Amino acid sequence: MTARPRTPARPAPGGRRPRARTVLLTATAWALAALFLLPYVDMAVTAGRPADQLRDNGYLPTRFDFSSFTSVWTDTTLGANLRTTLLVAGGSTLLVLLVALPAAYHTARVRFRGRRAFLLLVLVTQMFQPAALQVGLYREFHALGMLDTVWVLVLANAAFNLAFAIWILGAYIGSIPVELEEAAMIDGTGRIGALFRVTLPLALPGVVTAVIFTFIAAWNEFVMGLTLTNTPERQPLTVGINNMIGAYSVQWNQVFAASLVAIVPVVVLFAVIERHVVSGLTAGSVK
Amino acid sequence: MSSPAVDGTRTAGPDRPDRTGRPAPPARRRRALPRLGPLPWIGPAVLLILVVVVWPVVEMVRTSLRRIDTSGTDHGPAGLVKYRKLFADPRLPDVLLWTAVWTVVVVGLTMLLSLGLAQLFNQRFPGRRITRWALIAPWAASVLMTAIGFRWMLDQVAGVLNRLLLDLGLIDHARAWTGDAAQAKPWLVLVAVFVSLPFTTYTLLAGLQTVPNEVYEAARVDGASPWQTYRKVTLPLVRPAFLVALVVNLINVFNSFPVIWGMTQGGPNTDTATTTVFMYMLRGYDVAESAAMSVVNFAAVVVLVLLFLRTSGWNQEENR
């Protein structure tokens, strides 16, 4: 591999080699992209299989029947599960914003005593995952009598996504010059006024990223939903779909119709914040 | 729009250097709530963390030392009985071994493949944006549903992967891949790698983009081959991003639950269960033994977190 004469030969043929290389590169990248979409394409194909062709092993059915997208709402608890997920994702996103914003603002602006300890606490909680704490979470909320409620999932999802929000919001607020806020304060708005009129609008990309990321994480969350709820109607979407494959006879077209309802919106949302996500997930570590 | 995030991360990070030329933080002007200090600002966050993250750790340890029946009634202290029961459990050695193999193999493959993927998607080619978006899907989609999708593609009767492998002549009869541990494990690994790749690849891409073009030009002027350039220039420069991706991935894979749950539910029996899946299974029979399993598992999590803090440079700064 070391002896490949590509670089020395490059100036002479005037771009012939690079073109072949680009073709190969492009083909590989597109093939890989297709591979990454494969499971989701197969979900769509399966959702469109007529009921009598669900056990056929052909790549495609002879005809498509997307009635699973309507029947799944009447045949399963999907509607109720979606409602729970919307409440949980919406509620925990709101809670994260309410809790993370002041914390991020203060840590970005003021070097108070215990700041390092606080940031360390936040960083460590980012590493603790619900799956590892499931038994403790179950016992705690059992003792508090909060199992099987929307509230427990709102609280739990908010807590486990707090770190990301604090990092990303702190990053944006930290990049806004203090002078701008001070100017606003001299002009007569209070500190809070400056926060809302100057800092927040400028940090909006960070706020949007934190909001979308938390929403998606709570939307997709499974372990806590499985552990902390047990009434089928009160369980989130992920657990509802998990219940569908536990049924005696699995309606795979409905399973994947429901899955696509759950997947497509968040993939679109994720594409919006994609470029900001890495910095939030690796914050506190990449210098 | 993206640069403030990257720059900002540095300034707001734990090691933010005091910027020279910036006026002192306007702490003096804070007249409201002067005595409470930072509490009104960070108090709610600390409270939420204490209630939802710290308390469960305490509760987990406490539960592991009690006698608790299946209805949840506490029958008093149990000492270390549950730990003895756990360590005498014949299933435990296999679960621990598989958890270790699972973590090492999934993380190893993911990091290796994402190095290649990041290199590929860092090149210029038609449709780079679109192909990068495709890579997002497994990241954004619920891992459980991706796992269920693979389980269906591996279905013995109707699975498209079974059909594909048959058509390619790689197998001679359709198999029930997820019905048996030895056949299921490679697929579990594959799915875990599949859902882990986007994050590690994107982190490495972010690392690659910080490498200035002049460095590559200098290498070319010096007559370095592409492979030499990659090994001597690119790799050392993306090392920080690589290490972070590695450790975050390590923690995620070690704690992974939905991949295994969606494909095999840890079965048959507990043959494909890692510690997190095993503790879920135990909870139905003996919540205290399950808590003991959680505590043992948690010790490993703590080690991983310390590893992360080391990688991120927190330790050195503490000693400074």
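Which residues, taken from region B:119-131, are within 13 Å of B:T203 (Cα to Cα), assigned to a helix (DSSP H, G or I) and more than 7 Å from chain A (Cβ to nearest Cβ)?
Quick first cut of region B:119-131, residues within 13 Å of B:T203 (Cα to Cα) only: B:119, B:121-122.
Subsequent filtering for residues that are assigned to a helix (DSSP H, G or I) retains B:119, B:121.
Residue satisfying the conditions is B:Q119 alone.
Has region A:45-64 got any residue that is within 22 Å of the chain's Cα centre (by Cα), at the interface with chain B (Cβ under 7 Å from one of its Cβ atoms) and modelled with pLDDT of 90 or more? Explain how you work it out, then say what you get.
Of all residues in region A:45-64, those within 22 Å of the chain's Cα centre (by Cα) come to none.
No, every residue in region A:45-64 fails to be within 22 Å of the chain's Cα centre (by Cα), at the interface with chain B (Cβ under 7 Å from one of its Cβ atoms) and modelled with pLDDT of 90 or more.
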Q. Tally time: how many residues in region B:243-265 are at pLDDT 90 or above and farther than 19 Å from B:V302 by Cβ?
A. 8
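Quick test for you: out of A:A104, A:A131, pick the one residue that is under 23 Å from the mean Cα position of the chain (by Cα) and closer than 21 Å to A:L200 by Cβ. It would help to see each step written out before you state the result.
Working: A:A131 fails: closer than 21 Å to A:L200 by Cβ.
That would be A:A104, the only listed residue that is under 23 Å from the mean Cα position of the chain (by Cα) and closer than 21 Å to A:L200 by Cβ.
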Q. Which pairs do you get when a residue that is farther than 21 Å from B:M145 by Cα, found in region A:264-277, comes within reach of a residue that is of a type in the set (A, V, I, L, M, F, W, C), reach meaning Cβ atoms under 6 angstrom, with the pair 6+ apart or on two chains?
A. A:I273/A:I212; A:H276/B:A5
Q: Count, please, the residues in region B:162-201 that happen to be in contact with a Leu (Cβ under 7 Å, 6 or more places away or on another chain) and free of Cβ contacts under 8 Å to residues at least 24 places away in the same chain.
A: 4
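For region B:90-116, name all the residues that are outside any helix (DSSP H, G or I) and closer than 19 Å to A:A131 by Cβ.
Quick first cut of region B:90-116, residues outside any helix (DSSP H, G or I) only: B:90-91.
Hit for region B:90-116 is B:R91, nothing else.
Would you say B:V189 is outside any helix (DSSP H, G or I) and surrounded by fewer than 22 Cβ atoms within 10 Å (Cβ to Cβ)?
Numbers: outside any helix (DSSP H, G or I): no; surrounded by fewer than 22 Cβ atoms within 10 Å (Cβ to Cβ): yes.
Judged against the criteria, B:V189 is not a match.
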Q) Among the listed residues A:R116, A:R111, which satisfies the condition of being closer than 27 Å to B:I251 by Cβ, facing chain B (nearest Cβ under 7 Å) and out of contact with any Leu (no Cβ under 6 Å at 6 or more places or on another chain)? A) A:R116
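Given the options A:L200, A:L237, A:L204, A:L281, name the one that is out of contact with any strand residue (DSSP E or B) (no Cβ under 8 Å at 6 or more places or on another chain) and away from every other protein chain (no Cβ under 11 Å). Before the answer, list the steps.
Values: A:L237 fails: away from every other protein chain (no Cβ under 11 Å); A:L204 fails: away from every other protein chain (no Cβ under 11 Å); A:L281 fails: away from every other protein chain (no Cβ under 11 Å).
Every option except A:L200 fails the conditions.
For residues that are more than 8 Å from every other protein chain (Cβ to nearest Cβ) and touching a residue at least 60 places away in the same chain (Cβ under 8 Å), tally how many sit in region B:270-292. If you could, list the steps in order and put the result at the bottom.
Our first condition is that a residue be more than 8 Å from every other protein chain (Cβ to nearest Cβ); within region B:270-292, this holds for B:270-275, B:277-278, B:281-282, B:284-286, B:288-289, B:292.
Applying the additional criterion that residues be touching a residue at least 60 places away in the same chain (Cβ under 8 Å) yields B:270-275, B:278, B:284-286, B:288-289, B:292.
Number of matching residues: 13.
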Q. Which one is farthest from A:M127 (Cα to Cα) among residues in region B:51-66 that are touching a residue at least 40 places away in the same chain (Cβ under 8 Å) and under 22 Å from the mean Cα position of the chain (by Cα)?
A. B:M60
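The values are calculated or read from the model by the stated rules, or taken from the named source; none is laboratory data. Values in this document were obtained by computation on a predicted structure and should not be read as measured data. Please note: Cβ atoms are built from the backbone with ideal geometry, for glycine as well, and neighbour counts cover all protein chains shown.
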